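One structure is given below, encoded as structure tokens.
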Amino acid sequence: MDKKINVLIKNDKTIFVETENYKGEACVSVVKDLFKTFLEIDNFELTSDYYDGEVGINNGVEIKL
């Protein structure tokens, strides 16, 4: 399975990030690593999939600029 990171940047400068095929903490870690050089992440809104431990993890992350 391919791992993916989907990024949506809204007009209000909110960034929504969703990962696919990452397990548990790996989805949070990969998002932090992706943005660490130029953004500070305010909060993570984890979906229930994060806690399921399944292969298909979707994680919503909201970053305010």
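The values are calculated or read from the model by the stated rules, or taken from the named source; none is laboratory data. This is a predicted model, so every value here is computed, not measured. Just so you know, the surface numbers come from the protein's heavy atoms only, side chains and all, with ligands and any DNA or RNA stripped out. Shrake-Rupley method; radii C 1.70, N 1.55, O 1.52, S 1.80 Å.
Values computed for the structure shown
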item	result
Relative compactness, the stretch 3-54, computed as alpha-carbon Rg over 2.2 N^0.38 Å	1.15
Residues of type lysines that Lys13 reaches as a straight line, Cα spacing below 19 Å, ignoring anything fewer than 8 places off in the same chain	Lys32, Lys36, Lys64
Nonlocal amide H pairs with Thr47, under 5 Å, H built at 1.01 Å	Gly60
Residue-level accessible surface for Glu20, protein heavy atoms, 1.4 Å, Å²	60 Å²
